[in-house]
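One structure is given below, encoded as structure tokens.
The values are calculated or read from the model by the stated rules, or taken from the named source; none is laboratory data. Keep in mind it's a predicted model, so treat the numbers as computed, not measured. Neighbour counts are summed over all protein chains in view; Cβ atoms, including those assigned to glycine, are modelled from backbone coordinates with ideal geometry.
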């Protein structure tokens, strides 16, 4: 549940991040501007004091700082890090992000800025080639997390493409129009997170760059042994192909196996070609590579020999890197979407089960009217209430509040309810029941989990109420036209083995009312941050004493909702009210 929650928090960052990164790397082909804007984007994700983008010199195989924040200029100009040296050199060599919580204990660390304690280095990879490293350092140990690592990896994967495009633009201005169009296409593709829609759009946009006649996108199957057709066009008509191609076979299989673009000028003279389209004469296949792993291939075919050129090869090479990222993002989105739907179904079922575990109706007693309501802050919650029959016209009321929220709290609440009911047959008094539950929880103590409970025992024959409390807000007793706070307090259950609990006894008269409530009622905040508070609770109860128990419960929930309008509910809310009936059998 926590993992799903964490997976759901990450997904909320991915979509806007992808669009913003795409905007950074695709709106300029100037290298300095690209590096500066990426640095600004990284700062939006998490603040930093020391930041550098190092680019690889292919001839010397050294990393050099191309952009930095926090370095002295003369030092930044002199730094040369060979592949495999230091954290950044290892990240480049191993082609994977490196996260070091404390560099003082890591012999691989190369000091550049004084007082650094933690470091995160992510390689920049494009077209299966390392071109540099993003490096972030902090004076605080363990400053960076796995989520930082994942988010920076996303930025780096897109940034590498932007740098490669900028370099290509610098080398050959005559390809400017093609590159600008590639960037436009890539920008659009990153905003499409439905896989089927994305594949169709790839085919449409690619036709603006290369005038192909037949086109297919094949993706590597889960076994990693063959390619499966996911989208195909033949002379602008969408067709469905079911013929799988083993990795290594055919032009596409060979391109995937070799992790390189394959250009065949005449397929009739190529031993790798598999005859699927008799009209085909030339073919261009580009593997889709994401994080050094081939996930599929783009395949273009034409009826004319020698139709595809080296320019086409360079174009498809650049586009394939963008397409691979877009496809993987769409897959990730669909995976998270499936998980969210499954989680929603699970939560809906859990919510139904939790409400079914609550009493389906209040008990019917000759001298007492009972009302209760529970509203979880999330789909499920950690508050509880229950009614347990004792013998001789007696019954017990339980109101509880488990530490935490969501599924863990709900499960712990179910455990507490089970323990309470397991002790009920011996009909302990309130203080004795709290001690028994505390002992049982101590035997199966769970770190960080505890529960606050009010246990009240009502004797309907002589109209007496016994109350003991283990940490819930002090309940209210309305009688003789006034409000009395029941000074019942105590330590929560499950924390201390030898806790003792006081017990209070009240002899009630017709018209008297007792009101019990959880912290969620008092702690509800409005948009100004003001809590609902005990004073408001007491005022509402005082004005409602002459009305029914249902009226009091509904009035409290209505007032809390109005107070906290527009603010997300922070804590579970529970209210239980009991009112002594008059001799005619109705609440007075």
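The set of residues in the range 376-389 that are crowded, with 17+ Cβ neighbours inside 10 Å and in contact with a strand residue (DSSP E or B) (Cβ under 9 Å, 6 or more places away or on another chain) comprises 376, 377, 381, 382, 383, 384, 385, 386, 387, 388.
Confirm whether residue 128 is farther than 25 Å from residue 142 by Cβ and either in contact with a strand residue (DSSP E or B) (Cβ under 8 Å, 6 or more places away or on another chain) or at pLDDT below 90 (or both). Taking the combined requirement at face value, the residue satisfies it.
In summary, residue 426 fulfils each of the numbered conditions (1) free of Cβ contacts under 8 Å to residues at least 24 places away in the same chain; (2) in contact with a helix residue (DSSP H, G or I) (Cβ under 6 Å, 6 or more places away or on another chain) with the single exception of condition (2).
Having 2 or more residues that are assigned by TED's automatic domain parsing to the domain that holds residue 292 and surrounded by 12 or more Cβ atoms within 10 Å (Cβ to Cβ) is the bar; report the strands (runs of 3 or more DSSP E) wholly within the range 196-247 that clear it.
Values: elements: 214-220, 226-234, 237-239.
Because the criterion is at least 2 residues that are assigned by TED's automatic domain parsing to the domain that holds residue 292 and surrounded by 12 or more Cβ atoms within 10 Å (Cβ to Cβ), the strands (runs of 3 or more DSSP E) in the range 196-247 that meet it are 214-220, 226-234.
Restricted to the range 355-394, and to residues that are in a loop (DSSP other than H, G, I, E, B) and farther than 22 Å from residue 579 by Cβ, which residue is modelled with the highest pLDDT? Looking at residues that are in a loop (DSSP other than H, G, I, E, B) and farther than 22 Å from residue 579 by Cβ, I get 391. Kindly indicate whether any position in the range 449-466 is surrounded by fewer than 16 Cβ atoms within 10 Å (Cβ to Cβ), touching a helix residue (DSSP H, G or I) at 6+ places or on another chain (Cβ under 8 Å) and in the same structural domain as residue 576 (by TED's automatic domain parsing). No, the range 449-466 has no match at all. When you look at residue 406, is it over 23 Å from residue 361 (Cβ atoms) and surrounded by fewer than 16 Cβ atoms within 10 Å (Cβ to Cβ), yes or no? Taking the combined requirement at face value, the residue does not satisfy it.
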